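Worksheet: one structure, shown below.
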Amino acid sequence: MKPKKEFLESGFLMSRIILKNNGALRGEVTVSGSKNSALPILAATILTRGKNQLWGIPALSDIEIMYTLLESLGAELLHLSDHVLIDTAPIRSHTTPYELVTKMRGSFLLAGPLLAACKKACICLPGGCPIGSRPVDLHLKGFAQLGASITQEHGYITLACEKLTGAKIYLDFPSVGATENLIMAACLADGETLIQNAATEPEIEDLANFLNRQGAKISGAGTDTVHILGVDRLSGCSHTVISDRIEAGTYMAAFAISHGKGRVKNIQLDHIRPMIAKLREMGVEIAEEPSAVLVNARKKLRATNIKTMPFPGFPTDMQAQFGGLLSVAQGTGMIVETVFENRFLHVGELQRMGANIRIDGRTSVVQGVGQLTGAEVQASDLRGGAALVLAGLCAGGVTKISGVEHIERGYENLVGKLQLLGADITLED
Ligand code: EPZ
């Protein structure tokens, strides 16, 4: 009997990914635009109060939620074949709806632009998520230093100001989201803002390039000290978001775990250095090309050690995927997760596939096994779900992955792209 529509919508019987080990992946895959660059840039269109054209925005559920949030505020969006036209002049509301914010933590990136452009922002607290409590204290501390009043009640944070004034802000942790929110708020503040101990991820630089193209005066983005000279207004522009370094790393890992050979295209080498280095340590041959890497993983993988760090260190968003690789590597590898407090949720599912992993706090010790066995497993977060897909590519037998909605948050057409590389992977309705 076909499950009732409401069950499917509730996520109770969402579709599953069915994977059978079909040997080495072969061919070429093109990486889509970066989810974590597109989200802050979409939020930043609010600063313009005019029209922006954006190319390279990936078709992901998180992006759809951001589109819906912008429309709920009053923005008008026109989706064309390869780009989106966003007009934020009609925005009249400064309150984000609870049912949307709880679906996507990146919604909190609307706080800075709404505060700067509308002098008020009423944002539902994003709450935690599977990988950690995800506080926003650093965002709020920075907004207060820029002169915003902050009140919290009924699960909402309300920010208000007459006019933001530039400040010298030190971030206790190089938070990506806090750096992005404060850069966006400072663009329209009076005077100069300095953000010290800023995050240096490539997505910060992409956001600053977009804002400068609109007339902002930002320097130092991509370093740990960002300087913003406030301006009166920003005007619309056209921009293409950078490619997704985490998607790139995930396909590099897919070639590696399946002992395949292939090209990952549309990448920026400087954004994926940690993944290149670690795969080479594991015995994978990586040839670098101007905007691609050629991965050749004929040999058995060797274990290595991973410690996640803010950029340019090894990205926490690649930790789960490398846990999958280490599960079938020769020897024992150790993973230390320094960024989030609860990012081993996928380990239990890998263990059900035969992985030999021991967790002790933020450290996991992975002893490689000969082969994993296919199983019915559950994805509980985006990157953990990707790790289960990688495990299914090399496991003996069939792997059925539920919780596909988590994976679709961050990987555009994952099933289709893997099928083109020869994977035996389908989406079961
Ligand atoms: C961004 O999240 C990314 N999301 C995450 O990617 C990524 O894992 C993370 O940066 C780290 O690189 C987007 O860009 C949409 P943080 P963000 O603020 O901004 C603590 C994915 O899979 N912290 O750098 O939320 C926080 O608890 C997602 O694509 C505070 O304590 O990350 C965490 O331990 C997952 N107070 C650490 O900093 C704050 O006010 C890093 O968080 C803010 C953060």
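Over what distance in Å are the Cα centres of the range 268-319 and the range 221-248 separated?
25
Can you tell me the order of 312-325, 153-166 when each peptide is scored by its average per-residue count of other Cβ atoms within 10 angstrom, highest first?
On the way: 312-325: 24.6, 153-166: 16.1.
Going by the mean number of other Cβ atoms within 10 Å, highest first, we get 312-325, 153-166.
Distance between the C-alpha centers of the range 371-403 and the range 162-199? Whole Å please.
Computed from Cα coordinates, the inter-centre distance equals 40 Å.
Using +1 on the beta carbon of Lys and Arg, -1 on that of Asp and Glu, and nothing else charged, what's the dipole of the chain about the Cα centre, debye to 20?
I would put it at about 800 debye.
Determine the percent antiparallel among the DSSP beta bridges restricted to the chain, to the nearest 5.
70
Please report, largest first and rounded to whole Å, the three semi-axes of the ellipsoid equivalent to the range 335-429, where each semi-axis is the square root of five times an eigenvalue of the C-alpha gyration tensor. Can you show the working numbers first?
On the way: eigenvalues 104, 55, 23 Å².
For the range 335-429, the semi-axes come out at 23, 17, 11 Å.
Using a probe of 1.4 angstrom, how much of the accessible area of the chain is carbon and sulfur, in percent?
52
What 222 nm value per residue comes from the helices of the chain, counting each DSSP H run with n ≥ 4 as -39,500 (n - 2.57) and dividing by all residues, nearest 500 deg cm²/dmol?
-9000 deg cm²/dmol
Starting with the highest mean, order 119-126, 190-197 by the number of other Cβ atoms within 10 Å, averaged over the residues of each peptide.
119-126, 190-197
Return the sequence-ordered ³J(HN,Hα) values of the range 48-58 in whole Hz as given by the Karplus equation 6.51 cos²θ - 1.76 cosθ + 1.60 applied to θ = phi - 60°, using x for Gly and Pro.
Along the range 48-58, the couplings run 7, 6, x, 9, 10, 10, 10, 10, x, 6, x Hz.
Bin all alpha-carbon pair distances of the chain at 10 Å intervals from 0 and give each bin's fraction as a whole percent.
5, 22, 31, 25, 14, 4, 0
Which order do the peptides 388-396, 303-311, 179-187 come out in when sorted by mean C-beta neighbours inside 10 angstrom, highest first? Can you show the working numbers first?
On the way: 388-396: 26.7, 303-311: 18.3, 179-187: 29.2.
The most tightly packed comes first, giving 179-187, 388-396, 303-311.
The values are calculated or read from the model by the stated rules, or taken from the named source; none is laboratory data. Computed from a predicted model, the values in this text were never measured in an experiment. Cβ atoms come from the backbone with ideal geometry, glycine included; neighbour counts cover every protein chain shown. With ligands, DNA and RNA removed, areas are computed over all heavy atoms of the protein, side chains included. Shrake-Rupley method; radii C 1.70, N 1.55, O 1.52, S 1.80 Å.
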